[in-house]
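Throughout, read-outs are computed from the coordinates displayed, never taken from laboratory work. Values in this document were obtained by computation on a predicted structure and should not be read as measured data. In this analysis, Cβ positions are derived from the backbone assuming ideal geometry, glycine residues included, and neighbour counts consider all displayed protein chains.
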Amino acid sequence: MARAGLSAQRLTLAAADLADTVGLDHVTISALARAFGVKDASLYSHVRNLQDLRHRIALLAGGELIDAIGAAVAGRAGRDALIAFADAYRAYAMAHPGRYTATQLPVPPELVTADPAAFRRTYELTYGMLRGYGLSEPDLTDAVRLLRSTFHGFVSLEATGGFGHPRDVEQSWRRAVEALHVLLAHWPTAAPAREDTPAP
């Protein structure tokens, strides 16, 4: 019978595959139920609702992404690690567009607490790579935000055909990552806190 063997894990994987094919926004409980040849109600024994399903996709994709990055940066440091990290990030986003979209969703704290491994690994890999540039807090957090916004902005524009100039996108990517390396290697000192300008 089609519903035999259904589980939250199996449904999540199928939903992630569907997201890569049709886009995360088009993944619904009904669409997933049709893929398994069952009624919608059969899925609610395993996932609470569509939001829960999307959070599960986010956790799955986040784990896959950091595993791919971890394999790429293993044994590397500095510029080589940054390039490997960036290329693995971009490759995953291009190969798994629906999954990648899910990684940008905020995940409820209780789910993070229930399965913290991927989040811990993401923290350790990212901050470990940046410590290789001699950074410490609060510069580490600032650098993480810079990398994330640069990588996400680039791959999102690339995925939607947002780069209209004939310049080769691959060459622009290489230059962007190289520019990040130069910036990280020459990280600016913190600017003094700005005092409010007194009223005239």
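Assorted remarks:
- Principal axis analysis of the Cα atoms in segment 58-185 yields extents of 47, 35, 26 Å, listed in decreasing size.
- Residue among THR113, THR122, THR101 with the largest mean-square fluctuation in a Gaussian network model of the chain, springs linking Cα atoms under 10 Å: THR113
- Taking VAL182, VAL47, VAL73 as the candidate residues, the one with maximal mean-square fluctuation in a Gaussian network model of the chain, Cα springs under 10 Å, is VAL182.
- Within the listed set ASP142, ASP168, ASP52, the residue fluctuating most in the Gaussian network model of the chain (springs between alpha-carbon atoms under 10 angstrom) is ASP168.
- For segment 44-58, Karplus couplings with θ = phi - 60° (6.51, -1.76, 1.60), whole Hz, Gly/Pro x: 6, 7, 10, 10, 6, 6, 5, 4, 4, 4, 5, 5, 5, 4, 4
- The loop-placed trypsin sites (Lys or Arg not before Pro) in segment 110-170, going by DSSP, that have at most 13 neighbouring Cβ atoms within 10 Å of their Cβ come out as ARG167.
- Segment 1-130: relative contact order in percent, alpha carbon pairs under 8 Å with at least 6 residues between: 30
- The stretch between ARG121 and SER156, if pulled fully straight at 0.36 nm per residue, gains 10.2 nm over its current Cα-Cα span.
- If you sort the three axes of the alpha carbon gyration tensor as a ≥ b ≥ c, you get a/c of 1.5 or more for segment 3-87 and a/b above b/c, which makes it prolate.
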